[in-house]
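To start, the structure itself, in structure tokens.
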Amino acid sequence: MHGGALTGSLLMALCAVSGAYCLLRTRAGTPRERRTARSEALMGFGMAAMAVPAAVLSPPDWAWAVYAVLFGAAALRALRPALRGGHHLHHLVGSLAMVYMAVAMAPAVTGSGGGHAGHGAGAGAGGIPLLTGALLVYYALYVLASAGRLLPGTAMVPAGGTAPSPRSPGGFGGASDGLSELTTACRLTMGIGMFAMLLTL
């Protein structure tokens, strides 16, 4: 990774753990919840693979094309559910962001012949600054929204009044399927990981 082997290793570990947790979630819940968990597991493991430092493993040049095709297919699958909004739209944005990063890194990889060298200083040449900036803003807002949902409620109940309604778990930055705070924390971790990876472009 552009930030060094330690940064890449930490990011790889966080994304892999998040993917593993999402994979465990596929064993329970409704069919819709299991589909959501599978999509998030794919995202987590894909991010972990892309974050592997060059000192650990240098993938072949064609690996970036595989990433692009894989997440392109995931984006097509997420397109119809995304029309309903909520977290499905976030899955679509995430899949397209992964395709974008794979395509942006691929020219630097093929040009240098250095495997993960595309994660280094040459990776920036493949990115579109305006698009990268828009994705960074999106994920920064997503991370803040997710973190806000993990904070304990501090609203006071007025004397003789009624307690405020709890925050809805759905929507931007939240656990749209109503699962535990651990699920929201997992999504927060992947949002931070995506933000960090976009910074390398």
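What to note about this one:
- Here the gap between VAL137 and ALA185, fully extended at 0.36 nm per residue and compared with their Cα-Cα distance, gives a gain of 15.3 nm.
- Rounded to the nearest 10 Å², the accessible area of VAL66 at probe 1.4 Å: 70 Å²
- Among THR184, THR30, the order of accessible area from largest down is THR30, THR184, computed with a 1.4 Å probe on protein heavy atoms.
- The residue list THR26, PHE45, LEU11 was ranked by how far each Cα lies along the charge dipole of the stretch 7-46 toward its positive end, using unit charges on Cβ atoms, and THR26 comes out on top.
- Couplings for the stretch 54-70, taken from phi via the Karplus curve 6.51 cos²θ - 1.76 cosθ + 1.60 with θ = phi - 60°, read 4, 5, 8, 7, 10, x, x, 4, 6, 4, 5, 5, 5, 4, 4, 5, 4 Hz in order; Gly and Pro are left as x.
- When peptides 41-48, 86-93 are ranked by their average number of other Cβ atoms within 10 Å per residue, the highest-first order is 41-48, 86-93.
The values are calculated or read from the model by the stated rules, or taken from the named source; none is laboratory data. Keep in mind it's a predicted model, so treat the numbers as computed, not measured. Please note: Cβ atoms are built from the backbone with ideal geometry, for glycine as well, and neighbour counts cover all protein chains shown. Note: accessible area is taken over every heavy atom of the protein model, side chains too, but ligands, DNA and RNA are not part of it. Shrake-Rupley method; radii C 1.70, N 1.55, O 1.52, S 1.80 Å.
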